[in-house]
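Inspection log for the structure reproduced underneath, given as structure tokens.
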Amino acid sequence: MRSTEWFKKMSFYQIWIRSFKDGNNDGIGDLYGVFEKLPYIRSLGVDGIWFSPIYPSPNADFGYDISDYKNIHPDYGDLEQFKKVLNKAHELGLKVIMDLVINHTSDEHPWFIESRKGKDNPYSDYYIWRDKPNNWDSLFEGRAWEYDELRGQYYLHLFAKKQPDLNMDNPKVREEVKSILRFWLDLGVDGFREDVINFISKKEGLPNGLPFIPAVNGMPYYKDGPHIHEYMAEFRDVCMEYDCFQLGEGPMTTVRSALKYLTGPDRSLDMMFSFDHMMADCLYTEYIHRPFDLRKLKKAFTKWQNALNGKAWNALYLENHDHPRVISRYGDGRYGIFSHSVPKYWKESGKMLAASYIFQQGTPFIYQGQEIGMTNIRLNSIDDYMDISSKTNFNRYHLNDTFERRLRRIHLSSRDSSRTPVQWNAEKHAGFSENTPWFFVNKNYRTVNVESEENDPDSILNFYRKCLELRKKSKTLILGDYREYFPRDKHIYMYSRTCGCTSYLILCSFSRLPVPFHLPKTYAGKAGKLVLSNYPKDSRKEIPGFLRPYESRIYKYRVKPIPEENQ
Ligand code: GLC
Ligand code: CA
């Protein structure tokens, strides 16, 4: 049984194993590398690890196409090695959560191989087969239906062709999911991150979507589908037998639909990853890349903070394996792609971005390499990119555009930028492996790497440590109420966290020029203590009344907050 909501106090580190650390020097990250780096992960001050999929997979979508749910990909080790990692992580006080990908399997999963064989096969209804496809597009690869010669029918794939969607309406499939949950929980894992979980129930009859909305035309019929909460309740029942934590990924989810998973009698998840704040540069929503808009970002942050306060709990993140690096999007890297060096305010903006989200109400997630300020890569040819969605976007979006402009958009948006090997030191292959790594190492590894940042007290790495430590020690920063100030300011994000008479005020400048600021009434003229800042004490001089480029300050106050209407 679940004892407490332990996940509220925590922060997590996400591992995308292929690029984390190569322990046996074959060029591919693995569980031996993870084992070696567990003390490093612990040293960040996080309390848990989320593993992106480490199961056997043909890697059409790098692990998100699973061919065996109860095993480990031989590239990464085996179940014995996994148990060693799990035990060591637990010894160090780290929880471990696994990725649960049950919207689809790989087309090389034995269930699909059987299902293709015909309608009287026991696995026949494990997938969604039709004689006539509807008009849905897939999110990754053309139409959502692929004809299978052997079966003589079309199967549904919301993602790549090699990722056929499971038929969750089949009770046998749901039993399989429960057995997967039990398998990992019995081994001792602490929870799951549930991949595209709001897509698993499709509307009966699979109606046609609107014809003129490419890629997402079928979404109204598969997002938050008719039986989703019944199915989620079945999985929740299994999880509640254990001390298990459930985190859902909710692409395109709204506050309203997220609250249905997170609150009330149907509550089936402890937290949900939302996407609104990843749209502040329109990388995913529009064909034309628009400049980053801080007001959009602030609006998204504040919407989720206010809506969930007192009712549910936020999952906080700025990076993961599906997004390019955040310094390159929202930090100083947005003024150009620097794959040989780093942008001018790399350090300042990297640290400021940490403060912009870690102190919000919720559980912070840090993606591998984010803590050292890794930035986007720029590859010269589209053939060098590995990620299926980058390749599709290149072909889909700008057919009338020039080759250079299409490639530039990939430079800005590709998921591959977050999938380059982690930069451990300034030596060959950035210390990731002694052998040629499976994917390109970012050329800035001599500047951006763990070893050199360990030795610099003012590094991005050490700033992440300070932020996590400050959060962990403060009830106010964990549980306090959130309030945003000056939402219309185009350069500064300012928010507070308050609990009783203690308040923290967090100031974040998103500008590469000095910007004037003033404090909200509650704090103006009061003696606040500067508890953390991203500028070293005696470096560049302060300018009174201004924040320096990308400056971030965290003040602590003893105050009696005044009501919002008097601000
Ligand atoms: C999720 C994963 C992403 C994957 C997709 C399909 O969005 O995070 O990496 O490609 O689901 O499984
Ligand atoms: Ca290896």
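Which order do the peptides 121-127, 470-476, 135-141 take when ranked by the mean count of other beta-carbon atoms within 10 Å per residue, highest first?
Taking the mean over residues of other Cβ atoms within 10 Å, the ranking is 135-141, 121-127, 470-476.
How big is the charge dipole of the chain about its Cα centre, in debye rounded to the nearest 20, if each Lys and Arg gets +1 on its Cβ and each Asp and Glu gets -1 on its Cβ?
For the chain, the charge dipole is close to 2900 debye.
Residue by residue through region 224-232, which ³J(HN,Hα) values in whole Hz follow from phi under the Karplus form 6.51 cos²θ - 1.76 cosθ + 1.60 (θ = phi - 60°), with glycine and proline marked x?
Result, rounded to whole Hz: 6, x, x, 10, 4, 6, 5, 5, 5.
Roughly what angle does helix 346-358 make with the longest principal axis of the chain, taking Cα atoms, 0 to 90 degrees, to the nearest 10?
Approximately 70 degrees, to the nearest ten.
Within region 189-249, report the chymotrypsin sites (Phe, Trp or Tyr not before Pro) that DSSP leaves as loop and that have at most 13 other Cβ atoms within 10 Å.
Hits after loop and neighbour filter: Phe212.
From the C-alpha coordinates alone, can you work out the Kirkwood hydrodynamic radius of region 481-566, in Å?
Here the Kirkwood hydrodynamic radius works out to 13.5 Å.
Taking Lys526 as the anchor, which lysines have their alpha carbon closer than 19 Å to its alpha carbon, excluding any fewer than eight residues away along the same chain?
The qualifying lysines are Lys556, Lys560.
Expressed as cubic angstrom per residue, what is the convex hull volume of the alpha carbon set of the chain?
153 Å³
Hey, how many Å between the Cα centroid of region 18-85 and the Cα centroid of region 203-224?
So the two Cα centres are separated by 35 Å.
Whose amide H sits under 5 Å from the amide H of Gln14, counting only residues 5 or more places off or on another chain, with H placed in the peptide plane?
Trp50, Ile366, Tyr367, Gln368
Going by average Cβ neighbours within 10 Å, how do the peptides 491-499, 37-45, 359-367 rank, with the highest at the top?
The most tightly packed comes first, giving 359-367, 491-499, 37-45.
Of all accessible surface on region 481-566 at a 1.4 Å probe, what whole percent is carbon and sulfur?
Using a 1.4 Å probe with all protein chains present, region 481-566 comes out at 56 percent carbon and sulfur.
Report the GluC sites (Glu not before Pro) located in region 305-377 that are in a DSSP loop and have at most 13 other Cβ atoms inside 10 Å of their Cβ, or state none.
none
Express the accessible area of region 186-317 per residue in Å², computed with a 1.4 Å probe while the remaining protein chains stay in the model.
Each residue of region 186-317 exposes 39 Å² on average to a 1.4 Å probe.
With every protein chain left in place, what is the accessible area per residue of region 481-566 in square angstrom, probe 1.4 Å?
Ligands and nucleic acids excluded, the figure is 54 Å² per residue.
The values are calculated or read from the model by the stated rules, or taken from the named source; none is laboratory data. None of these values were measured; they are calculated from a predicted model. FYI the Cβ positions are ideal-geometry reconstructions off the backbone, even for glycines, and counts take in every protein chain you see. For accessibility, only protein heavy atoms count, side chains too; no ligands or nucleic acids. Shrake-Rupley method; radii C 1.70, N 1.55, O 1.52, S 1.80 Å.
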